[in-house]
Amino acid sequence: MPPPLLNRLQKHVADWPWRRVGVLAGVSLVLALTLVVYLFGISDHFFSRLFSAFIVLFWLLAVTFLAVVPFVTWATEHWFGRGWAEVSTPAPRPRRAGGSPAATRSFSSPATSRRPETR
């Protein structure tokens, strides 16, 4: 029997290079905050409004990708079955034989046959 999901997840997360992740996140945050302060300054409470909007957007994205998407994936597999999510392809039609009269017809534009002759 495979180990429970929580144990596998903890082992997988423990293997991540957390020091490198922390350094990259910290440098990115400092550069982003420096750019915002340089462009907009700290007047008119812009920085606090930007921070609160970021937190709201961050939580909306986190809830969507960490809860809603996995739940929908799980629900489609367990409630409807795997075949429900797969697109069925129609069976290919058999081809006609190569020597039929329809294959030897020449196709010309109908517009040329309706034009009057002007010579």
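The values are calculated or read from the model by the stated rules, or taken from the named source; none is laboratory data. Remember, predicted model here, so these are calculated numbers, not experimental data. Cβ sites come from the backbone with ideal geometry, for glycine too, and all protein chains shown count toward neighbours. Remember, those area values only see protein heavy atoms, side chains included, never the ligands or the DNA or RNA. Shrake-Rupley method; radii C 1.70, N 1.55, O 1.52, S 1.80 Å.
Worth pointing out:
- Subset tally (residues that are surrounded by 12 or more Cβ atoms within 10 Å (Cβ to Cβ) and outside any helix (DSSP H, G or I)) for the stretch 25-53: 0
- Selection status of residue 14, surrounded by 10 or more Cβ atoms within 10 Å (Cβ to Cβ) and either at pLDDT 70 or above or in contact with a Leu (Cβ under 6 Å, 6 or more places away or on another chain) (or both): no
- Remark: residue 63 matches the filter, which requires a residue to be under 27 Å from the mean Cα position of the chain (by Cα) and open to solvent by 70 Å² or more (accessible area, probe 1.4 Å).
- Residue check for residue 8: surrounded by fewer than 10 Cβ atoms within 10 Å (Cβ to Cβ) and under 29 Å from the mean Cα position of the chain (by Cα): no
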